[in-house]
Amino acid sequence: MGDTLNLEDDYMSGDDYMLEHDMNPDEEEHVGEERVEADSVASTADKRTGKSTGKRKRSRCWKNFEIVGDKLDDGRNNLRCTRCEHTYCLDLRRSGTNTLLRHMESCSKTPGSTPSCGNRKLDMMVFREMIGLAIIEHDLPYSFVEYKRIREAFQYANSNIEFWSRNTAAADCLKIYEKEKLKLRKMLDEVPGRFCLTTDLWRAITIEGYMCLTAHYIDSG
């Protein structure tokens, strides 16, 4: 019989097949996992229409994302982050879940994520005033703004930052003092009655003398 199949000649084991096609078993397993992960999204959309493929969503991104509505005509799905409500429209059969995983790493509302602040426009005058207030409140030296590690931290937070010297920091603190003095004077001008002043004197361990002036009054409230 000329049409009889010769099993000994045509039979090929799984190992022989992989050797013939130069396939690594580990690579074959990895490819299979990626295919299941991408196809799992389609199975979720199919469940909305009554179809069931039996495939499970295996990627960790599905802890934070959900499919919104039905699949679009072009094969894409609307996906929404359940924490920050950000939405994507993706064809996960082609693009996979990499976009969703990257979002999880930068989402500010996802525990354990590293939010990306980017290089947003920085108002240097506002930032310098904030540092000046920190110098006054925490009794920091003016040279604080010139510390190497502090400048590295500023540069890391925003690469567009412009550094300033200790003399500029001292001038900023003086401006804050003048502004606060005007606010205090305006507040005292609005006092309807009289006010009483008391003083407190003390001397620091460095033999520097200090005086604290306290005003007592009844406001209009």
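Each residue in segment 172-212 was checked for being of a type in the set (A, V, I, L, M), at pLDDT below 90 and over 45 Å from the mean Cα position of the chain (by Cα), and 3 of them qualify. State which residue pairs qualify: first residue charged (D, E, K, R) and inside segment 92-105, second residue at pLDDT 80 or above in any location, beta carbons under 7 Å apart, and separation of 6 or more residues or different chains. Between residues of segment 92-105 that are charged (D, E, K, R) and residues that are at pLDDT 80 or above, the close pairs are Arg93/Gly75. Taking the condition surrounded by 12 or more Cβ atoms within 10 Å (Cβ to Cβ) and among the hydrophobic types (A, V, I, L, M, F, W, C), does Ile205 pass? Taking the combined requirement at face value, the residue does not satisfy it. Name every residue in segment 152-170 that is among the polar types (S, T, N, Q) and part of a loop (DSSP other than H, G, I, E, B), in order of residue number. Listed by number, the residues that qualify are Asn158, Ser159, Asn160, Ser165. Checking each residue in segment 142-170 for being free of Cβ contacts under 8 Å to residues at least 24 places away in the same chain, of a type in the set (Gly, Ala, Ser) and closer than 18 Å to Val126 by Cβ picks out only Ala153.
Within the option set Tyr177, Tyr156, Tyr210, being in contact with a strand residue (DSSP E or B) (Cβ under 8 Å, 6 or more places away or on another chain) and either loosely packed, with under 10 Cβ neighbours inside 10 Å or among the hydroxyl-bearing types (Ser, Thr, Tyr) (or both) holds for one residue only, Tyr210.
A Cβ distance below 9 Å, combined with a sequence gap of six or more or placement on separate chains, defines the contacts here; from segment 60-73, residues that are under 18 Å from Leu101 (Cα atoms) and not assigned by TED's automatic domain parsing to the domain that holds Asn98 reach no residue that is in a strand (DSSP E or B) and not small (Gly, Ala, Ser). Count of segment 171-221 residues, restricted to those that are without any contact (Cβ under 8 Å) to a residue 24 or more places away in the chain, in a loop (DSSP other than H, G, I, E, B) and among the hydroxyl-bearing types (Ser, Thr, Tyr), is 1.
The values are calculated or read from the model by the stated rules, or taken from the named source; none is laboratory data. Everything numeric in this text was worked out from a predicted model, so none of it was measured. Neighbour counts run over all protein chains shown; Cβ positions are idealised from the backbone, glycine included.
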